[in-house]
1. Under 10 Å, Cα contacts only: if you run a Gaussian network model on the chain, which one of 28, 20, 139 comes out with the highest mean-square fluctuation?
2. What does the helix-only formula give at 222 nm for the chain: each DSSP H stretch with n ≥ 4 adding -39500 (n - 2.57), the total divided by the residues, and the result rounded to the nearest 500 deg cm²/dmol?
3. Which one of 62, 110, 149 has the biggest mean-square fluctuation once the chain is modelled by GNM with Cα springs under 10 Å?
4. Return the single residue from 112, 48, 123 with maximal mean-square fluctuation; model: Gaussian network over the chain, springs between Cα atoms under 10 Å.
5. Report, please, the projected area of the chain averaged over directions, based on the convex hull of its C-alpha atoms, in nm².
6. Give me the percent relative contact order of region 1-157, please, defined on Cα pairs under 8 angstrom at least 6 residues apart.
């Protein structure tokens, strides 16, 4: 779940970027910086795959993006983007999710991750519900409970969410997760 403190993010801009078959990046920040960073990242990840004949692993993408953002900090035109990178590593057969802020500070791989004030409610729910062997349906039910509690306890009117499911078969986007208060 990606929300930004007490601010409601505009629906005008896409915030999720597909970087590979089993790799997504969700961003928050200035819209121009998000588009610039995501377009640059996608193009370079595609270039890597074309040159080497295989996709970068999620862990490698996260480290490369972090290094690139840290180098960019020293420029006049730094990217002001916070992002969550999630994917499935087909070699290790493991999932990967990590968060990085605009200062290139990294929160290492976690089983679940939230950003912003409403995320505080999500962590308490997932601490109780998360199991490593959850089915997709159980995972979506847990996410739904997090959305419902965030909507119930937050002062912002939350209208709808997009959920991205990434697994061994690939990725899919589920639209229309609406809170039930």
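Read-outs throughout are calculated quantities, based only on the coordinates presented, and are distinct from any laboratory measurement. Just so we're clear, the structure is a prediction, and the values are computed from it rather than from any experiment.
1. 139
2. So the calculated ellipticity at 222 nm is -12000 deg cm²/dmol.
3. 110
4. Comparing 112, 48, 123 in the GNM, the peak value goes to 48.
5. 10.5
6. Relative contact order, region 1-157: 24 percent.
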